[in-house]
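What follows is calculated from the coordinates using simple rules that are stated; it is not laboratory data. Values in this document were obtained by computation on a predicted structure and should not be read as measured data. Backbone-built Cβ (ideal geometry, glycine too); neighbour counts: all protein chains shown.
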Amino acid sequence: MRFLILSRNPSLYSTQSILRACYRRGHYARVVDHMQCDLLVEKGDLGVYYQGIKLDGYDAIIPRIGSSVTAYGTNVIRQFEMMGVFTLTRADSILKARNKWRCFQLLAAQDVPVPKSLLANQVQMDVHLIRKHFDVPLVVKLQESTHGLGVILSESYHNATSTIEAFNRLKENVLLQEYIKESKGVDIRVLVVDDRVVASMRREAKDGEFRSNLHRGATAKMEPLSEEEIMLSRKVCKIMGLQVAGVDLLRSKDGPLVLEINSSPGLEGIETVSGVDIAVQMVKFLEKQLRKRRKSRMRKS
């Protein structure tokens, strides 16, 4: 099979891990920077070009789209989708997961437990609404924050509203969220592939920090999950239409809460901690789906 990995940096651990998995499984694989792809549409035809050459003859694409280039990256993915190329992660699913508020809307509507959150309007701050529904400290975060950037713990209502107003002046969309004190800077990253939990780890923030991102110096170790956490992680991925995802959970006094969903989860931390070759699991999923496609086409013909 022929796979195309969409990644801005071929030397990244996750990209290299996927590339090695493709080779070990006997497939051809190539890494292409999606930001250097040109998209062409004309009546009855669509094409993706890289350095002037049309990218053709691939069975599937494996997107690794960073949050800063979501808009163009998903346009590239959608172009391949419309050309009939199978994608590990669909463009619409990435867009839903990247917009934190849209994600919470979808999950809450399906009775998925999430931290209490507020999307404040950008015209007039309603301080009384915040005081009524939230205790301090509380979390202010950008809707498309990543690696803990744009996530601030506010110790007072005044600090929270001032931070929101500052972000609003910069035309940034922000949301307010309750701080789960009992989590104490700890969250659980769950890696789901093809409706199966394949690995999980406990991430703990360093001293003086509440964000548990590994990029911010957090430590990680393997962590067993409860049946409730396993079922919750699988349910979240089904709702979001994600075949591969990193689901971040907080353990609260009322049970697990879904903090975030990552449609392009990094593999270095969780593969290192768990010892699980997650990239191989991803490639096996592609193999299964492509075999189903071929059988379906053979039956139709």
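What the table below lists for this structure:
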{"read-out": "In segment 95-110, the residues that are assigned to a helix (DSSP H, G or I) and either basic (Lys, Arg) or under 14 Å from the mean Cα position of the chain (by Cα) (or both)", "value": "Leu95, Lys96, Ala97, Arg98, Lys100, Trp101, Arg102, Cys103, Phe104"}
{"read-out": "Subset of segment 156-170 (residues that are touching a residue at least 12 places away in the same chain (Cβ under 8 Å) and not aromatic (Phe, Trp, Tyr))", "value": "Ser156, Ala160, Thr161, Thr163, Ile164, Glu165, Asn168"}
{"read-out": "Single condition Phe86 does not satisfy, out of (1) at positive phi; (2) touching a residue at least 40 places away in the same chain (Cβ under 8 Å)", "value": "(1)"}
{"read-out": "Out of Tyr58, Tyr23, sole residue that is under 25 Å from Arg294 (Cβ atoms), of a type in the set (Phe, Trp, Tyr), outside any strand (DSSP E or B) and without any contact (Cβ under 8 Å) to a residue 24 or more places away in the chain", "value": "Tyr23"}
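Quick grid of which residues meet (1) of a type in the set (Val, Ile, Thr); (2) in contact (Cβ under 8 Å) with a residue 60 or more places away in the chain; (3) touching a strand residue (DSSP E or B) at 6+ places or on another chain (Cβ under 9 Å):
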site: Lys206; (1), (2), (3): no, no, yes
site: Val244; (1), (2), (3): yes, yes, yes
site: Ser252; (1), (2), (3): no, yes, no
site: Leu259; (1), (2), (3): no, yes, yes
site: Ser264; (1), (2), (3): no, yes, yes
site: Glu268; (1), (2), (3): no, yes, no
site: Arg294; (1), (2), (3): no, no, no
site: Lys300; (1), (2), (3): no, no, no
